[in-house]
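The values are calculated or read from the model by the stated rules, or taken from the named source; none is laboratory data. Here the structure is a predicted model, which is why all the values come from computation and not from measurement. No Cβ is skipped: glycine too gets one built from the backbone with ideal geometry, and neighbour counts run over all protein chains shown.
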Amino acid sequence: MRIRQSWTIAAALAGALALTSCGGDIPSTPPSTQAPCGTVNIAVNPWVGYEANVAVVAYVLKTKLGCTVELKSLTEEVSWQGFGSNTVDVVLENWGHEDLKKKYIDDQKVAVQVGATGNKGIIGWYVPPWLATQYPDITDYKNLNKYAAQFKTTESGNLGQLLLGDPSFVTNDESLVKNLKLNFKVVYAGSENALIEAFRTAEEQKKFLIGYFYEPQWFLADVPLVHVNLPAYTAGCDADPKTVACDYAPYTLDKIARKTWVDLASPAVNMIKKFTWTNEDQNKVAKDIADKMSYDDAAKKWVDANPDKVNAWLAAG
Amino acid sequence: MTTVAVAARSSPWWRRIGRPGIVAAILLGWILLGTVLQGRDTLGLPTTDTTALHDRFTAVRDWVDSHRNSSPFFVYFVDGIRDFVGGLTGFLQDLISQASFGRPVPLVGWLGVVALATFGAYAFGNARVAVLTAAGFTSVGLMGLWQESMDTLALTLAAVLLSLVIGIPLGVYVGLSRPVERVVTPVLDAMQAMPTLVYLAPLALFFLIGPPAAVIATLIYAMPPVIRLTSLGVRQVNEASMEASRSLGATRWQILRTVQLPLAKRTIVVGINQTTMAAFSMVMIAALIAGPGLGQVVLRALSALDVGRAFTGGLGIVVLAIVLDRVTTAASERAEATYRASGGRRSENTRRWLLVGGGALTAAAVYLSASYYWASTFPGPTRGGVIGFTIDDAVNAAADWTRLNLHDVTSAITAVVSYGLINPLQALIAESPWYVVCAVVLALSWTLAGARSVIVASVCLSLLLASGLWESAMVTLTSVLVATIIVVVLGVIFGVVLARSPRIDLVVRPVLDAAQVLPAFVYLVPFVGLFGPTRLTAIIAAVVFAAPVVVKIVADGIRAVPSAAVEAGVASGSSRWQVVTKVQLPLSRQAVALAANQGLIYVLSVVVIGGLVGAGALGYLVVAGFSQSELFGKGLTAGIAIVVLGILLDRVTQAAALRAQEREHRLTGDAEHQFDVRSARLHPAPGLPARIPTGRVV
């Protein structure tokens, strides 16, 4: 009895599959494409500024060049591994990472640099705007010890709390605190989400908070955090992480792509090589994305308003 | 027995006040020494510093990286596995989730998938779960999560298929051979007990990121239940049935095929249910290494702090998990029923006709979904679906309101719990010199759990010392202990309430099921908004995660107390409170012990997630090691340290519970309502509905 039942099911399924080959309005052969663009796998690193780059590049690739775009949400380090496994074709906003460049570009030769994005990256310590307004001298690191007691939290013992964010970001903060003789303890928020949520709450509730942050970042459009000045950066002052006592180096953000993919020299490769824009451009798109606009809608809005820039990316050669 | 009992009673006074007294003395000594020597020899290590051991792990990673394309081991073996798993997963995605075979849409569209799933649920289960399946699949479509759900389904299906193909034969083999069992069991323990985020980095190292690695990670976690339950099923077949066929001259193979396997069928199907649910609990983890699906929705929403969208994504996971759970449970009940007796002739006939008719309709639906766009792509807006954004907005509004209005209350709670409980405890555990803590742990294990535990404890402590992460381990231990205490207290309170009122149980149980499957990632952001990036936030997340299991185990344990005992209590004029505290709780003491042990393991399994919201210590190090290349070795070591901490706590508490049980046994001679703590040994199952042997054993 059981056997007959299984046969009935099998027969029904076989019949269904046999039927799938004819009729209907779905074409069974791929539509012919004008350019051999194929699929582009873009890594999406976990911050919204990055997503803005992705949104616009993906939109242009899809609508102007007819490519298929696959997005992969990954952390920075993991994205680089994707070059070796052919799962990632391009990283659209890279912050420094000299070690990864050495490993994947120089040693393994699976990745190549494909130019700057035009964005300038700043990393440093920030305070919520209300704090900078009420205590203007707080933005100089020399005065931080004066306020250390107010920065104290349940997590920092007798010291002030310096909040760090996403573990995948490069930081020297423990050394900085020690070398600048600050009465602060580094506390790890553990993720960018936790960090932003903490800053948002601090501004809403007028609480003391100082933490690691960076620009360009959409959140700054919501809550314009204020940069705290550490001793100015000079070339090489951060060479030894043990003795570093200066602000973070400014970053020229760039794009990294998979070597074998770049060798295809497809129109998509050409477009991504040429892609550059400003911090202001990125913040506009990022804000829209953070306000829950879809990638495509946010990108379309910006692309329609900036045809010249887009055309420059699409120029041949 | 009697002599022992008498001996126990007539022993000297220090023996009689014995254990509690000794424990109190140890704790007192610890507090005194800890205060005097506070801050000395705590073996702290700055977060960005590494030891030689960590650097060696990192060097191994670099070696693997640079030999990946040349060593035959990688080129043929590792990449071979990768390609095979990737091929299988890709094929399933071609069928239901991605454009394939030169078409702009997958082969089987939404109508076909809903029809197939519903038909399958009816064929293997019953009409009720069929309706549930249709409703569940349609609702994820309405939430605008169709394609992501199908990706998740394809990935889970690939992992479950591979688990069964490997796990069932292996389980049979283990079931037939005791020596093999002794070798395999500890391996299975390790596979399940290790926090999944811990082996993610090494796994990505070998298999690189992408769907194959996601399936393999899922496989490692999901395979043990089916192996365990298959071997249990095979072994359980009673000697009489086997002897009967043996006397008829059946060979070993014939006995296996005609007696053991058919009789074990039901248990094996329970194993399939467990494996499916375990695979499903890995959806979020899979997303971290580029596995497509619902996990990606949640991760992406979180990076924009869109709590509502993250919740909706999580809800999709919950809906699919509950559907799969109910269908596989119904399938195991059907397996049981067909084994017992082939029920009423008439209902069987009706059912057969329904199957034929349903099969034809399903075939038609599959055909339509392969040929027409309307049946292929789920109707409604592509983003957010028909109702998705409505849910998002409601949740976001609720989250915003809570953050704005409850912040004062929650920061007061944070202050009270942190200064009153967490900080003092951490000062004692993490800021006492390491030798004091070691001595205390060894003394406590000796007193409570016996000499054998002292060996386990000293091995674990030495490993923690060797890891170079002693102080971090102690900070994590503090949080784990606090979370476990809260979980057990809540578990007992709510367990009693649930057990005493079937009506509340009816309402609360589905909520507990859902809470267990909802990924912790979903509620992390609102918790940070309320409690800040603190250890308490991590503790609360762990409590929310572990509480459902603990509540269920306690409730089931209390319900299993014989009604005669309860009635005797009521008849002798006890108040309701007295019945609970004097009859029900003492008689379900083992269930409470098991619940505490499970609570502990569940809490440990989310230590890493706690690292994402401010718990720092080991959890943070694992996360950092996963994302920063220089910290790879340190992160890996931190992962191992979590496992060691888990083994230490698990073995010592188990041994202590076992000893307490034996002692009670000896004193009362009461063998009823005892269950063997060892055989009820359970394993962490993040996100599993605990319809595991747990509840049933009790």
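Quick check, is A:Ala202 surrounded by fewer than 20 Cβ atoms within 10 Å (Cβ to Cβ) and aliphatic (A, V, I, L, M)? No, not satisfied. Residues in the range A:201-238 that are at pLDDT below 90 and within 11 Å of chain B (Cβ to nearest Cβ): A:Thr201, A:Glu204, A:Gln205, A:Trp218, A:Phe219, A:Asp222.
For B:Ile387, the requirement of being within 12 Å of another protein chain (Cβ to nearest Cβ), surrounded by fewer than 18 Cβ atoms within 10 Å (Cβ to Cβ), in contact (Cβ under 8 Å) with a residue 24 or more places away in the chain and within 34 Å of the chain's Cα centre (by Cα) is not met.
With respect to (1) crowded, with 21+ Cβ neighbours inside 10 Å; (2) part of a helix (DSSP H, G or I); (3) under 27 Å from the mean Cα position of the chain (by Cα), the lone exception for A:Ser175 is condition (1).
So, in the range B:301-315, exactly how many residues are at pLDDT below 85 and either within 20 Å of B:Phe280 (Cβ to Cβ) or more than 11 Å from chain A (Cβ to nearest Cβ) (or both)? Going through the range B:301-315 one residue at a time, the tally reaches 2.
Can we say B:Arg300 is closer than 30 Å to B:Gly529 by Cα and part of a helix (DSSP H, G or I)?
yes
Screening the range A:236-317 for helices (runs of 4 or more DSSP H) wholly inside it with 2 or more residues that are in contact (Cβ under 8 Å) with a residue 60 or more places away in the chain and farther than 21 Å from A:Pro46 by Cβ returns the ranges A:259-262, A:267-274, A:295-305, A:307-314.
Evaluating A:Ala268 against the criteria (1) under 19 Å from the mean Cα position of the chain (by Cα); (2) under 30 Å from A:Ala315 (Cα atoms); (3) buried (at least 20 other Cβ atoms within 10 Å of the Cβ) leaves one unmet condition, (1). Scanning the range A:78-109 for residues that are surrounded by 22 or more Cβ atoms within 10 Å (Cβ to Cβ) and within 12 Å of another protein chain (Cβ to nearest Cβ) turns up A:Val78, A:Ser79, A:Trp80, A:Gln81, A:Gly82, A:Phe83, A:Thr87, A:Val88, A:Tyr104.
Quick check on B:Gly358: is it more than 8 Å from chain A (Cβ to nearest Cβ) and modelled with pLDDT under 85? It is false that B:Gly358 is more than 8 Å from chain A (Cβ to nearest Cβ) and modelled with pLDDT under 85. When each of B:Gly86, B:Gly80 is tested for being under 19 Å from B:Pro212 (Cβ atoms), of a type outside the set (Phe, Trp, Tyr), more than 12 Å from chain A (Cβ to nearest Cβ) and within 34 Å of the chain's Cα centre (by Cα), the lone residue that passes is B:Gly80.
Scan B:Arg82, B:Arg61, B:Arg56 and give me the residue that is loosely packed, with under 14 Cβ neighbours inside 10 Å and in contact (Cβ under 8 Å) with a residue 12 or more places away in the chain.
Working: B:Arg82 fails: loosely packed, with under 14 Cβ neighbours inside 10 Å; B:Arg61 fails: loosely packed, with under 14 Cβ neighbours inside 10 Å.
Result: B:Arg56 is the single residue among B:Arg82, B:Arg61, B:Arg56 that is loosely packed, with under 14 Cβ neighbours inside 10 Å and in contact (Cβ under 8 Å) with a residue 12 or more places away in the chain.
If you check B:Arg266 against the conditions, is it surrounded by fewer than 24 Cβ atoms within 10 Å (Cβ to Cβ), free of Cβ contacts under 8 Å to residues at least 24 places away in the same chain and not aliphatic (A, V, I, L, M)? Before you say what the answer is, go through the steps one by one.
On the way: surrounded by fewer than 24 Cβ atoms within 10 Å (Cβ to Cβ): yes; free of Cβ contacts under 8 Å to residues at least 24 places away in the same chain: no; not aliphatic (A, V, I, L, M): yes.
In short, no.
Every residue, every condition in (1) within 14 Å of chain A (Cβ to nearest Cβ); (2) surrounded by 16 or more Cβ atoms within 10 Å (Cβ to Cβ); (3) touching a strand residue (DSSP E or B) at 6+ places or on another chain (Cβ under 6 Å), yes or no:
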{"residue": "B:Val507", "(1), (2), (3)": "no, no, no"}
{"residue": "B:Val511", "(1), (2), (3)": "no, no, no"}
{"residue": "B:Leu524", "(1), (2), (3)": "yes, yes, no"}
{"residue": "B:Gly532", "(1), (2), (3)": "yes, yes, no"}
{"residue": "B:Ala538", "(1), (2), (3)": "yes, yes, no"}
{"residue": "B:Lys552", "(1), (2), (3)": "no, yes, no"}
{"residue": "B:Arg559", "(1), (2), (3)": "no, yes, no"}
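Taking the range A:178-197 as the range and being assigned to a helix (DSSP H, G or I), surrounded by 24 or more Cβ atoms within 10 Å (Cβ to Cβ) and free of Cβ contacts under 8 Å to residues at least 40 places away in the same chain as the test, the residues that pass are A:Asn193, A:Ala194, A:Leu195, A:Ile196, A:Glu197.
Rundown of residues vs (1) modelled with pLDDT of 85 or more; (2) among the polar types (S, T, N, Q), yes/no style:
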position: B:Pro225; (1), (2): yes, no
position: B:Val234; (1), (2): yes, no
position: B:Ala240; (1), (2): no, no
position: B:Arg266; (1), (2): no, no
position: B:Ile272; (1), (2): yes, no
position: B:Thr275; (1), (2): yes, yes
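Tallying residues that are among the hydrophobic types (A, V, I, L, M, F, W, C) and without any contact (Cβ under 8 Å) to a residue 12 or more places away in the chain within the range B:461-491 yields 2. All told, B:Ser245 falls short of being under 21 Å from B:Arg178 (Cα atoms) and either away from every other protein chain (no Cβ under 14 Å) or part of a loop (DSSP other than H, G, I, E, B) (or both).
Residue-by-condition table, conditions (1) surrounded by fewer than 19 Cβ atoms within 10 Å (Cβ to Cβ); (2) under 25 Å from B:Asp513 (Cβ atoms); (3) at pLDDT 85 or above:
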residue	(1), (2), (3)
B:Ala541	no, yes, yes
B:Asn597	no, yes, no
B:Val608	no, yes, no
B:Phe632	no, no, yes
B:Ala641	no, no, yes
B:Leu645	no, no, yes
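Just checking, which of B:Ser347, B:Ser342 is modelled with pLDDT under 80, within 9 Å of another protein chain (Cβ to nearest Cβ) and out of contact with any Lys or Arg (no Cβ under 8 Å at 6 or more places or on another chain)? Break it down stepwise before answering.
On the way: B:Ser347 fails: within 9 Å of another protein chain (Cβ to nearest Cβ).
The conditions single out B:Ser342.
Quick one: is B:Ala130 part of a helix (DSSP H, G or I), under 18 Å from B:Ala335 (Cβ atoms), within 30 Å of the chain's Cα centre (by Cα) and within 13 Å of chain A (Cβ to nearest Cβ)? Before you say what the answer is, go through the steps one by one.
On the way: part of a helix (DSSP H, G or I): yes; under 18 Å from B:Ala335 (Cβ atoms): yes; within 30 Å of the chain's Cα centre (by Cα): yes; within 13 Å of chain A (Cβ to nearest Cβ): no.
No; evaluated as a whole, the condition is false for this residue.
From the list B:Ala99, B:Ala135, B:Ala127, the one residue that fits, being surrounded by fewer than 18 Cβ atoms within 10 Å (Cβ to Cβ) and modelled with pLDDT of 95 or more, is B:Ala135. Taking (1) in a strand (DSSP E or B); (2) facing chain B (nearest Cβ under 10 Å); (3) closer than 25 Å to A:Ala232 by Cβ; (4) of a type outside the set (A, V, I, L, M) in turn, A:Tyr126 satisfies each apart from (2). State all residues of the range A:48-90 that are assigned to a loop (DSSP other than H, G, I, E, B), more than 26 Å from A:Ala312 (Cα to Cα) and of a type outside the set (Ser, Thr, Tyr); if no residue qualifies, say none. Correct list: A:Leu74, A:Asn86. Being modelled with pLDDT of 85 or more, surrounded by 14 or more Cβ atoms within 10 Å (Cβ to Cβ), closer than 30 Å to A:Asp296 by Cα and not hydrophobic (A, V, I, L, M, F, W, C): is that true of B:Tyr372 here? Against the criterion (modelled with pLDDT of 85 or more, surrounded by 14 or more Cβ atoms within 10 Å (Cβ to Cβ), closer than 30 Å to A:Asp296 by Cα and not hydrophobic (A, V, I, L, M, F, W, C)), B:Tyr372 qualifies.
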